[in-house]
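Asker: Have a look at the structure that comes next, please.
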Amino acid sequence: MANTTTKETPEITPDLLKSPYQKIINASASVFDENHGRSFFSPQFYEKIEPYLKEVLTHPIDLECDLNTAKKTNRLTPLKQLFKACFNAEEVLIVNNNTSAVFLIANALAQEKEIIVSYGELVGGDFNLKDILLNSGARLHLVGNTSRAYLRDYRLALNENSKMLFKTHNPHFKKDTPFKDLQALAKEHDLIDYYNLGDVDLLNR
C-alpha cells in the first residue's frame with residue numbers, strides 16, 4: 001500500500017461523487033460484451049430485492065448473533081442455506097470475485113491433475129483464465145481451437161490424469177459444446193464437470 005500525504009489526497013468535488021459511467025448503445029456484434037458490462041440485472045430484480053437491501057443496509061442487524069441464544073454465529077450461514085436450496089448443492093463457498101472462485105475450485109478438486117478446457121474458452125485480459133488455472137496447481141489439457149470445440153475433442157483428450165471438464169462462457173464461439181453434453185461425458189468417466197458462469201442473474205435462470 002502506498003503512503004498518501006495530505007497534499008496527495010484528491011479533493012472531494014461534486015464531479016468526483018458522480019457515477020463515472022454513462023449509458024451507451026451496444027452496437028457491437030456481441031450481445032454480452034464484457035466491455036459494456038456483460039449481463040445485466042433485470043428491473044424486476046431491483047423491484048424484488050432493493051427494498052430488502054435498503055432495510056438491511058440502513059439499520060443494525062443480527063449479522064453474527066443468534067437472538068435466541070445470544071451466541072455468535074457465522075454471517076454467511078443464511079446465504080449458504082439459500083444458495084444450497086437454490087442450486088441443490090451439498091456445500092457452498094462464498095467469495096467476492098470470480099478469480100478466487102475459479103482458483104479455489106481448481107486447487108481443491110484438480111491439483112496436480114488435468115483440467116480439460118477448450119482453447120477458445122481461455123479468456124484473457126485482467127481475468128486470465130489460463131494463469132489462474134495453472135497457478136492453482138492443476139494441469140491444462142487444451143482441446144479445439146479459438147472458435148470451435150466439439151464433444152469428440154473432449155472425449156479424445158481423456159486419459160488417466162483427467163480430473164475435470166471445464167467450461168466457461170465465451171460469446172464469440174462459433175461452435176460450442178453444450179454443457180449438458182460435457183456433464184454426461186464427465187459422469188460417464190467419473191470426472192468433475194464445472195461451468196464458470198461468471199456474472200449471472202440468478203432470478204432468470
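Asker: Thr168 fails exactly one of the following numbered conditions: (1) of a type in the set (Val, Ile, Thr); (2) surrounded by fewer than 20 Cβ atoms within 10 Å (Cβ to Cβ); (3) over 18 Å from Leu197 (Cβ atoms). What is the number of that condition?
Answerer: For Thr168, the failing item is (3).
Asker: A further question on this structure: If you check Tyr195 against the conditions, is it among the aromatic types (Phe, Trp, Tyr) and at pLDDT below 95? Don't jump to the end; show me each part of the working.
Answerer: On the way: among the aromatic types (Phe, Trp, Tyr): yes; at pLDDT below 95: yes.
For Tyr195, the condition - among the aromatic types (Phe, Trp, Tyr) and at pLDDT below 95 - is met.
Asker: Continuing with the same structure: Of all residues in the range 64-73, how many are part of a loop (DSSP other than H, G, I, E, B) and surrounded by fewer than 10 Cβ atoms within 10 Å (Cβ to Cβ)? Steps first, please.
Answerer: Pass one, the range 64-73, residues part of a loop (DSSP other than H, G, I, E, B): 64, 66-71, 73.
Imposing the further condition that a residue be surrounded by fewer than 10 Cβ atoms within 10 Å (Cβ to Cβ) reduces the set to 67-71.
Total meeting the criteria: 5.
Asker: Can you say whether Phe103 is in contact with a Phe, Trp or Tyr (Cβ under 6 Å, 6 or more places away or on another chain), in the same structural domain as Asn196 (by TED's automatic domain parsing) and buried (at least 19 other Cβ atoms within 10 Å of the Cβ), as far as the supplied structure shows? Before the answer, list the steps.
Answerer: Numbers: in contact with a Phe, Trp or Tyr (Cβ under 6 Å, 6 or more places away or on another chain): no; in the same structural domain as Asn196 (by TED's automatic domain parsing): yes; buried (at least 19 other Cβ atoms within 10 Å of the Cβ): yes.
Taking the combined requirement at face value, the residue does not satisfy it.
Asker: If you check Val123 against the conditions, is it part of a loop (DSSP other than H, G, I, E, B), in contact with a helix residue (DSSP H, G or I) (Cβ under 7 Å, 6 or more places away or on another chain) and not assigned by TED's automatic domain parsing to the domain that holds Leu191?
Answerer: On the way: part of a loop (DSSP other than H, G, I, E, B): yes; in contact with a helix residue (DSSP H, G or I) (Cβ under 7 Å, 6 or more places away or on another chain): yes; not assigned by TED's automatic domain parsing to the domain that holds Leu191: no.
No: the conditions fail for Val123.
Every residue, every condition in (1) under 26 Å from Ala29 (Cα atoms); (2) among the aromatic types (Phe, Trp, Tyr), yes or no:
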| position | (1), (2) |
| --- | --- |
| Leu109 | no, no |
| Lys130 | yes, no |
| Arg139 | no, no |
| Tyr150 | yes, yes |
| Ala157 | no, no |
| Asn161 | no, no |
| His169 | yes, no |
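Asker: Right, next: What's the number of the only condition in (1) out of contact with any Ser or Thr (no Cβ under 9 Å at 6 or more places or on another chain); (2) buried (at least 19 other Cβ atoms within 10 Å of the Cβ); (3) not aromatic (Phe, Trp, Tyr) that Asn96 fails to meet?
Answerer: (2)
Asker: Right, something else. Kindly indicate which of Ala85, Ala138 is closer than 17 Å to Tyr195 by Cβ and either of a type in the set (Val, Ile, Thr) or without any contact (Cβ under 8 Å) to a residue 40 or more places away in the chain (or both).
Answerer: Values: Ala85 fails: closer than 17 Å to Tyr195 by Cβ.
That would be Ala138, the only listed residue that is closer than 17 Å to Tyr195 by Cβ and either of a type in the set (Val, Ile, Thr) or without any contact (Cβ under 8 Å) to a residue 40 or more places away in the chain (or both).
Asker: Would you say Ile94 is touching a residue at least 12 places away in the same chain (Cβ under 8 Å) and either part of a helix (DSSP H, G or I) or polar (S, T, N, Q) (or both)? Spell out the reasoning first.
Answerer: On the way: touching a residue at least 12 places away in the same chain (Cβ under 8 Å): yes; either part of a helix (DSSP H, G or I) or polar (S, T, N, Q) (or both): no.
Against the criterion (touching a residue at least 12 places away in the same chain (Cβ under 8 Å) and either part of a helix (DSSP H, G or I) or polar (S, T, N, Q) (or both)), Ile94 does not qualify.
Asker: Only one residue in Arg139, Arg152, Arg148 is in contact with a Lys or Arg (Cβ under 6 Å, 6 or more places away or on another chain) and assigned by TED's automatic domain parsing to the domain that holds Ile192, so which one is that?
Answerer: Values: Arg139 fails: in contact with a Lys or Arg (Cβ under 6 Å, 6 or more places away or on another chain); Arg152 fails: in contact with a Lys or Arg (Cβ under 6 Å, 6 or more places away or on another chain).
One residue alone meets the criteria, Arg148.
The values are calculated or read from the model by the stated rules, or taken from the named source; none is laboratory data. Predicted model only: the values in this text are computed from it and were never measured. Here Cβ is always computed from backbone atoms with ideal geometry, including for glycine, and neighbour counts include all displayed protein chains.
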